[in-house]
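The values are calculated or read from the model by the stated rules, or taken from the named source; none is laboratory data. Treat the numbers as computed from the prediction; the structure is a model and nothing was measured. Using ideal geometry, Cβ is built from the backbone for each residue, glycine included, and neighbour counts are taken over all protein chains shown. The area values use the complete protein model at the heavy-atom level, side chains included, leaving out ligands, DNA and RNA. Shrake-Rupley method; radii C 1.70, N 1.55, O 1.52, S 1.80 Å.
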Amino acid sequence: MTDDRERWALILGGSSGMGEATAVTLARAGYNICGIHLDFRAALAHVEEVKTAIIAAGSEALYINMNAADDAKRSAALDALEARFAEARAAGRHPYVRVVMHSLAFGSLVPFISDDPKGAVDRKKMEMTQDVMANSLVYWVQDLYRRGFLEQGSKIYAMTSEGSTRVVPSYGVVSSAKAALESHIRQLAMELARTGSGITANCIRAGVTITPALLKIPESQQMIDITMKRNPTGRMTTPQDVANVILAMSGDGTEFINGDIISVDGGEYVTGS
């Protein structure tokens, strides 16, 4: 049976790195894109470049500059998307959100223990990181589900990393958020499956990838050097590798892949530390 519904992708963190690559790749495959991002003046020119690439592919680009962890702004963003959907329905089309990608990378890169209290994590930094990089996924999915954006065949992806189980000195706060994110995906996958909705949820665990988020980690160069020696392919993971997998996973016939952690790293994870 032909599925003639209009496919949209909602990319949380859609202006750079893996989110950007996935947005453009899905646009070239016929998806309209709603990108949620938080950028300031110096980065806004690049956001326009991303939107231009999406439009050049023949797709719609709805980009909203906001804090993705803000409840009121989340509601307003979904109102804006609903307005686009209303226009599509008025034109006789059937839009739905086929792909949700959670690729938010905004957290504290500080140790737990420091002689100087200002140099260590505190409650505000810990809770902010958990809220943005983990808990926000749940709140977005709740609203998307309740408001009818998700339908049979919708796919939810959350970007995790080896840091959820392995130690990097300055990564502890983010590591805890990644572990929570993986737990959230398992719970969402189970609960959504029991509704009979046909909606799936999985984690994508990319290898070490050069992105703006990676370069903010104090140990980033060391991580890059180790990865180049460790990855059996002799290269690092790229944002395009991730985008290609999400495109493939979002095709038909993948509905029984659910609640999993899918490595996209050329075998990097299985080589150990």
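Rg and Dmax of the range 51-90, based on Cα coordinates, read 12.0, 32 Å. From its DSSP helices (H runs of at least four residues, each -39,500 (n - 2.57)), the chain gives a residue-normalised ellipticity at 222 nm of -13500 deg cm²/dmol.
Per residue, the Cα convex hull of the range 157-273 amounts to 102 Å³. Between SER16, SER197, SER114, the GNM of the chain built on Cα springs shorter than 10 angstrom shows SER114 fluctuating the most. Assuming charge only on the beta carbon of Lys and Arg (+1) and of Asp and Glu (-1), the dipole of the range 25-85 about its Cα centre is about 120 debye to the nearest 20. Over the C-alpha trace of the chain, radius of gyration and Dmax come out as 18.4, 64 angstrom. Listed by chain and number, the lysines whose alpha-carbon sits under 19 Å from that of LYS125, ignoring those within fewer than 8 places in the same chain, are LYS178, LYS216.
With a ≥ b ≥ c the root eigenvalues of the C-alpha gyration tensor of the range 175-232, is it rounded (a/c under 1.5), prolate (a/b larger than b/c) or oblate? Because a/c hits 1.5 or more and a/b exceeds b/c, the range 175-232 counts as prolate.
The range 80-111 and the range 185-212 have Cα centres spaced 16 Å apart.
Here is the tail figure for the range 14-73: Cα pairs spaced more than 15 Å apart come to 44 percent of all pairs. Quotient of the Cα radius of gyration of the range 67-138 and 2.2 N^0.38 Å, N being its number of residues: 1.64.
When the Gaussian network model of the chain links Cα atoms closer than 10 Å, the mean-square fluctuations of ILE11, ILE113, ILE262 top out at ILE113. For the range 1-142, the fraction of C-alpha pairs farther apart than 23 angstrom is 41 percent.
Roll a 1.4 Å probe over the protein chains and send me the accessible area per residue for the range 60-154 in Å².
So the range 60-154 comes to 50 Å² accessible per residue, rounded to a whole number.
Restricting the calculation to alpha carbons of the range 127-206 gives Rg and Dmax of 13.4, 42 angstrom. Remark: relative contact order (the chain) = 19 percent; criterion is Cα-Cα distance under 8 angstrom and separation of 6 or more residues.
Out of the total accessible area of the range 1-95 (probe 1.4 Å, heavy atoms of protein only), what percent is carbon and sulfur? Carbon and sulfur: 52 percent of the exposed surface of the range 1-95. With the convex hull of the Cα atoms taken as the outline of the range 211-262, the averaged projected area works out to 4.9 nm². The charge dipole of the range 1-134, taken about its Cα centre with unit charges on the Cβ atoms of Lys, Arg (+1), Asp and Glu (-1) only, comes to about 180 debye.
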